[in-house]
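S.K.: Have a look at this one before I ask anything.
The values are calculated or read from the model by the stated rules, or taken from the named source; none is laboratory data. Note that this is a predicted model, so its numbers are computed, not measured. Heads up, the Cβs are rebuilt from the backbone with ideal geometry, glycines too, and the neighbour counts pull from every protein chain shown. Areas reflect the complete protein model, heavy atoms only, side chains present, ligands, DNA and RNA absent. Shrake-Rupley method; radii C 1.70, N 1.55, O 1.52, S 1.80 Å.
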Amino acid sequence: MESAELIRRLYESIGEACVTSPDIAHVEIHGNRVVGRHLVPGLKVEAEEAEDGVSAHIRVTRGTQIAEPVRICFGILPEQGIQRVRIRTDLEEGARAAVMASCTFPNAVDVLHEMEAETNIGPGAEYVYLERHVHSPAGGLRVVPHARIDLAEGARFRTDFELLKGRVGQMEIRYRATVAAGAVLEMSARVSGRGDDRIAIEEQADLVGERARAVLTTNIAVREKARAEVKNVLRAKAAYARGHIDCKEIVREQGYAEAIPVVEVEHPQAHVTHEAAIGSVDAKQLETLMARGLDEEAATDLIIEGLLSPTHPSST
Amino acid sequence: MSSDSILELQEIILELGGRRILDCLSMAFWPGHVHAVVGPNGAGKSTLASMIMGLGDYRAHGGDVRFEDRSIKELSIDQRARLGIALAWQEPARYEGLTVRRFVGAGAADATEAALRRRLEQVALDPDRYLDRAVDRTLSGGERKRIELASILAQEPRLVMMDEPDSGIDVEALGRIFDAIRLLREEGVTVLLITHSQTVLEQADHAFLICCGRMVAKGSVAKIKEFYGERCLPCDHQNAPREDCNGER
Ligand SMILES: Nc1ncnc2c1ncn2[C@@H]1O[C@H](COP(=O)(O)OP(=O)(O)OP(=O)(O)O)[C@@H](O)[C@H]1O
Ligand SMILES: [Mg+2]
């Protein structure tokens, strides 16, 4: 298939049109091919195609502030396939950028998508990485995003994972971050599973510098026979380091949810908190919506819709 | 009791944690009128509202609750809501991620953008600033109460219970809430205000004073104001349901 047609179909599967504005940088990767690419000043992308995927190096040069979010679209349109993506991202000192990454496998019956990301955010740099997934209704895929993130002094990073459409299938997210002095990290994931979906999320942040801050948020809903296992680890090792873990999992029907918060503090002036709520929806929330005339099912759906929505205010 | 009432409570007895919270309480509410229920902390006012709405802990009770001459005792919360009964909680719930737009729109009779905006304006909130915010901990208590009231107005109910509508509300917004109450009355909606405040009490046509889950007095607002102000309070009992309750039985 022609690249242009592949690009169109990738965007179509996420309910969007192709990016046409010259001010918006974008990169499209289908399977192991880079099918589209448009860059803006200060953004460098080198990509190498491999047998079953792509290796890329993304760089935002020192002090560059990219106004419009960069669009990256990964995907496999056929029912079967393997896509292994290795990405190294460097935000140089004082750079600022946001990436809106869409990962789309709309027809997957037997698809494997692996992501091995290494992200270095330089001193005072700011980076936002939003990852939105579209999966097939059958959930015939395994998604394995792993990332290692390094925040230098005064850097900021916010990442957010959301499944927009389709079934999870099997998902194994593992993010590990190191947060230097004065740097701020926000990681969140919002996923709902059903059928025989399997969700495993492991987020870890090491607060190694003074006044380093991190908030790890995980909101999950499982129903039917879906299972979710969430492990959040926060380690505070320096003075005035602050961290918070927030995990909410709503379980319906035969769903299963598990949360393991691990907090470690190695400095008397550090402070870490965690909050986990697992099980049925909150009775007061439910009763309030029922008192608006919604039946229990509709009220529960609305509460979960909120929980999984991306509108959450930043807590830092 | 008169069958012209829209809601009638017949000898309600409700026990929680082994204590009698509502003690043989009978009340009638007239359609299109504003009623106030006053009483000290722990008197059972919020319990009364929860019982009428059919909330979980408050469903098992003696006596009967009749709405338009029909027992609603066995009805679920949403069934009662669909009959037109609405409750604004003393402490409204918070929701993660759920926007004001979705929340107010959830049970709205008219969920168009224009209608939702009008509902927020009715409670003195700027729709541009609030519609896309989440009904979560970033809203103040007073803001949440006003959003809750907006959602109830949007429901276009027939009977509205407002549990302490003034708590956490500033003077200006309270004026708007009183306007909303007047409008409800003009539209023929029955209102039940639960309050400690004389100003809120003054919005009502009739009032009830309850204490220890029992009716102590009922009648005109003037009468209850006097009774509440001069004979009931200060009151040194602990508002435990005992026989030495200060009031006429
Ligand atoms: N679910 C419950 N389980 C046990 N006791 C309860 C429950 N709900 C209310 N109570 C008790 O019932 C009594 C009446 O409570 P209620 O909240 O109805 O009082 P109130 O009149 O609304 O008081 P306030 O003016 O403080 O709001 C109190 O003693 C309270 O502790
Ligand atoms: Mg109360």
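S.K.: Looking at the stretch B:210-223 only, could you name the residues that are of a type in the set (A, V, I, L, M, F, W, C) and more than 16 Å from ligand 2 (Cβ to nearest atom)?
M.R.: To start, the set of residues in the stretch B:210-223 that are of a type in the set (A, V, I, L, M, F, W, C) comprises B:210-212, B:215-217, B:221-222.
Answer for the stretch B:210-223, where residues must be of a type in the set (A, V, I, L, M, F, W, C) and more than 16 Å from ligand 2 (Cβ to nearest atom): B:Met215, B:Val216, B:Ala217, B:Val221, B:Ala222.
S.K.: Next question. Are there any pairs with C-beta distances below 8 angstrom linking a residue in the stretch B:130-149 that is facing another protein chain (nearest Cβ under 9 Å) and in contact (Cβ under 8 Å) with a residue 12 or more places away in the chain to a residue that is in a loop (DSSP other than H, G, I, E, B) and basic (Lys, Arg), with the two at least 6 apart or on different chains, and if so which?
M.R.: Going by the 8 Å Cβ cut-off, the qualifying pairs are B:Val135/B:Arg94; B:Asp136/B:Arg94; B:Arg137/B:Arg94.
S.K.: Conditions first: (1) open to solvent by 70 Å² or more (accessible area, probe 1.4 Å); (2) in contact with a His (Cβ under 6 Å, 6 or more places away or on another chain). B:Gly18 passes all but one, so which condition is the exception?
M.R.: Tallying (1) open to solvent by 70 Å² or more (accessible area, probe 1.4 Å); (2) in contact with a His (Cβ under 6 Å, 6 or more places away or on another chain), B:Gly18 fails exactly one: (2).
Residue-by-condition table, conditions (1) closer than 28 Å to B:Ile6 by Cβ; (2) at pLDDT 95 or above:
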{"position": "B:Arg117", "(1), (2)": "no, yes"}
{"position": "B:Val123", "(1), (2)": "yes, no"}
{"position": "B:Pro127", "(1), (2)": "no, yes"}
{"position": "B:Thr138", "(1), (2)": "no, no"}
{"position": "B:Glu143", "(1), (2)": "no, no"}
{"position": "B:Ser167", "(1), (2)": "yes, no"}
{"position": "B:Leu183", "(1), (2)": "yes, no"}
{"position": "B:Ser197", "(1), (2)": "yes, no"}
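S.K.: For the stretch B:32-52, give me each residue that is closer than 20 Å to B:Pro157 by Cα and either more than 16 Å from ligand 2 (Cβ to nearest atom) or out of contact with any helix residue (DSSP H, G or I) (no Cβ under 6 Å at 6 or more places or on another chain) (or both).
M.R.: B:Gly32, B:His33, B:Val34, B:His35, B:Ser46, B:Leu48, B:Ala49, B:Ile52
S.K.: Moving on. Take the conditions in contact with a strand residue (DSSP E or B) (Cβ under 6 Å, 6 or more places away or on another chain) and in contact (Cβ under 8 Å) with a residue 60 or more places away in the chain and apply them to A:Arg227. Does it pass?
M.R.: Numbers: in contact with a strand residue (DSSP E or B) (Cβ under 6 Å, 6 or more places away or on another chain): yes; in contact (Cβ under 8 Å) with a residue 60 or more places away in the chain: no.
Taking the combined requirement at face value, the residue does not satisfy it.
S.K.: Which is open to solvent by 60 Å² or more (accessible area, probe 1.4 Å) and among the polar types (S, T, N, Q), of B:Thr190, B:Thr199, B:Thr195?
M.R.: Numbers: B:Thr190 fails: open to solvent by 60 Å² or more (accessible area, probe 1.4 Å); B:Thr195 fails: open to solvent by 60 Å² or more (accessible area, probe 1.4 Å).
Answer to the selection: B:Thr199.
S.K.: Right, here's the next one. Report every pair of residues separated by at least 6 positions or lying on different chains whose Cβ atoms are under 7 Å apart, first residue within the stretch B:152-178 and on the phi > 0 side of the Ramachandran plot, second assigned to a helix (DSSP H, G or I) and within 16 Å of ligand 1 (Cβ to nearest atom).
M.R.: B:Gly168/B:Gly141; B:Gly168/B:Lys145
S.K.: Identify the residue in the stretch A:17-35 that is surrounded by fewer than 17 Cβ atoms within 10 Å (Cβ to Cβ) and touching a Lys or Arg at 6+ places or on another chain (Cβ under 9 Å) and, among all such residues, is nearest to A:Met100 (Cα to Cα).
M.R.: Across the stretch A:17-35, the extreme among qualifying residues is A:Ile24.
S.K.: So is A:Leu308 open to solvent by less than 70 Å² (accessible area, probe 1.4 Å), within 14 Å of chain B (Cβ to nearest Cβ) and at pLDDT below 95 or not?
M.R.: On the way: open to solvent by less than 70 Å² (accessible area, probe 1.4 Å): yes; within 14 Å of chain B (Cβ to nearest Cβ): yes; at pLDDT below 95: yes.
Yes; evaluated as a whole, the condition is true for this residue.
S.K.: Working only within the stretch B:89-102, note down all residues that are more than 9 Å from chain A (Cβ to nearest Cβ) and open to solvent by 10 Å² or more (accessible area, probe 1.4 Å).
M.R.: Just the residues of the stretch B:89-102 that are more than 9 Å from chain A (Cβ to nearest Cβ), to begin with: B:90, B:100-101.
Residues satisfying the conditions are B:Gln90, B:Arg101.
S.K.: Sticking with this one: Among the strands (runs of 3 or more DSSP E) contained in the stretch A:80-151, which hold 2 or more residues that are touching a helix residue (DSSP H, G or I) at 6+ places or on another chain (Cβ under 9 Å) and open to solvent by less than 10 Å² (accessible area, probe 1.4 Å)?
M.R.: Details: elements: A:80-91, A:96-105, A:110-121, A:126-135, A:141-151.
It comes to A:96-105.
S.K.: Here's another thing I want to ask about it. Would you check if A:Thr178 is assigned to a strand (DSSP E or B) and either within 14 Å of another protein chain (Cβ to nearest Cβ) or open to solvent by less than 20 Å² (accessible area, probe 1.4 Å) (or both)? Steps first, answer last, please.
M.R.: Values: assigned to a strand (DSSP E or B): yes; either within 14 Å of another protein chain (Cβ to nearest Cβ) or open to solvent by less than 20 Å² (accessible area, probe 1.4 Å) (or both): no.
Judged against the criteria, A:Thr178 is not a match.
S.K.: Now for a different question. Does at least one position in the stretch B:47-62 carry a residue that is open to solvent by 10 Å² or more (accessible area, probe 1.4 Å), at pLDDT 95 or above and assigned to a strand (DSSP E or B)?
M.R.: Yes, some residue in the stretch B:47-62 is open to solvent by 10 Å² or more (accessible area, probe 1.4 Å), at pLDDT 95 or above and assigned to a strand (DSSP E or B).
S.K.: Within the stretch B:34-53, is there a residue that is more than 16 Å from ligand 1 (Cβ to nearest atom) and more than 13 Å from every other protein chain (Cβ to nearest Cβ)? It would help to see each step written out before you state the result.
M.R.: Here is the first cut: in the stretch B:34-53, the residues more than 16 Å from ligand 1 (Cβ to nearest atom) are B:34.
Cutting the leftovers down to more than 13 Å from every other protein chain (Cβ to nearest Cβ) gives us B:34.
Within the stretch B:34-53, one or more residues are more than 16 Å from ligand 1 (Cβ to nearest atom) and more than 13 Å from every other protein chain (Cβ to nearest Cβ).
S.K.: Taking the stretch B:158-178 on its own, how many of its residues are away from ligand 1 (no atom under 16 Å from the Cβ) and open to solvent by less than 10 Å² (accessible area, probe 1.4 Å)? Talk me through it step by step, then tell me what you get.
M.R.: Filtering the stretch B:158-178 down to residues away from ligand 1 (no atom under 16 Å from the Cβ) leaves B:158-160, B:170-178.
So of that shortlist, the ones also open to solvent by less than 10 Å² (accessible area, probe 1.4 Å) come out as B:159-160, B:173, B:177.
Number satisfying all stated conditions: 4.
S.K.: Within the stretch A:270-297, how many residues are crowded, with 16+ Cβ neighbours inside 10 Å, under 30 Å from B:Ile85 (Cα atoms) and of a type in the set (Gly, Ala, Ser)?
M.R.: Going through the stretch A:270-297 one residue at a time, the tally reaches 2.
S.K.: Does B:Phe29 satisfy the condition of being more than 16 Å from ligand 2 (Cβ to nearest atom), in contact with a His (Cβ under 6 Å, 6 or more places away or on another chain) and not β-branched (Val, Ile, Thr)?
M.R.: So B:Phe29 passes the test.
S.K.: For the stretch B:67-79, how many residues meet the condition of being open to solvent by less than 70 Å² (accessible area, probe 1.4 Å) and more than 8 Å from chain A (Cβ to nearest Cβ)?
M.R.: Of all residues in the stretch B:67-79, those open to solvent by less than 70 Å² (accessible area, probe 1.4 Å) come to B:67, B:71-73, B:75-78.
Those left that are additionally more than 8 Å from chain A (Cβ to nearest Cβ): B:67, B:71-73, B:75.
Matching residues across the stretch B:67-79 total 5.
S.K.: Here's something else I'd like to know. Pick from the stretch B:152-209 the residues that are of a type in the set (A, V, I, L, M) and farther than 28 Å from B:Gln79 by Cα: which of them is farthest from ligand 2 (Cβ to nearest atom)? First the steps, then the outcome.
M.R.: Going through the stretch B:152-209, the residues of a type in the set (A, V, I, L, M) turn out to be B:152-154, B:159-162, B:169, B:171, B:173-174, B:177, B:180-181, B:183-184, B:189, B:191-194, B:200-201, B:204, B:207, B:209.
Now narrow it down to the ones that are farther than 28 Å from B:Gln79 by Cα: B:169, B:171, B:173-174, B:200-201, B:209.
On the way: B:Ile169: 15, B:Val171: 22, B:Ala173: 20, B:Leu174: 18, B:Val200: 13, B:Leu201: 15, B:Leu209: 15 Å.
Step by step, filter the stretch B:152-209, then rank; the result is B:Val171.
S.K.: Next up: Going by the conditions given, is A:Tyr240 of a type in the set (Phe, Trp, Tyr) and touching an Asp or Glu at 6+ places or on another chain (Cβ under 7 Å)? Reasoning before the result, please.
M.R.: On the way: of a type in the set (Phe, Trp, Tyr): yes; touching an Asp or Glu at 6+ places or on another chain (Cβ under 7 Å): yes.
In short, yes.
Residue-by-condition table, conditions (1) closer than 14 Å to B:Leu193 by Cβ; (2) free of Cβ contacts under 8 Å to residues at least 24 places away in the same chain; (3) under 11 Å from the mean Cα position of the chain (by Cα):
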| position | (1), (2), (3) |
| --- | --- |
| B:Leu22 | no, no, no |
| B:Gly32 | no, no, no |
| B:Gly39 | yes, no, no |
| B:Lys45 | yes, no, yes |
| B:Met53 | no, no, yes |
| B:Arg59 | no, yes, no |
| B:Val65 | no, no, no |
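S.K.: Of all residues in the stretch B:103-129, count the ones that are β-branched (Val, Ile, Thr) and within 10 Å of chain A (Cβ to nearest Cβ). Don't jump to the end; show me each part of the working.
M.R.: As a first pass, look at the stretch B:103-129 and keep what is β-branched (Val, Ile, Thr): B:104, B:112, B:123.
Within this subset, residues satisfying the condition of being within 10 Å of chain A (Cβ to nearest Cβ) are B:104.
Looking only at that region, the number is 1.
S.K.: Give me the pairs: first residue in the stretch A:146-170 and over 24 Å from A:Ser309 (Cβ atoms), second residue among the aromatic types (Phe, Trp, Tyr), beta-carbon distance under 6 Å, and six or more apart or on different chains, which are they?
M.R.: Cβ pairs passing all conditions: A:Leu151/A:Phe157.
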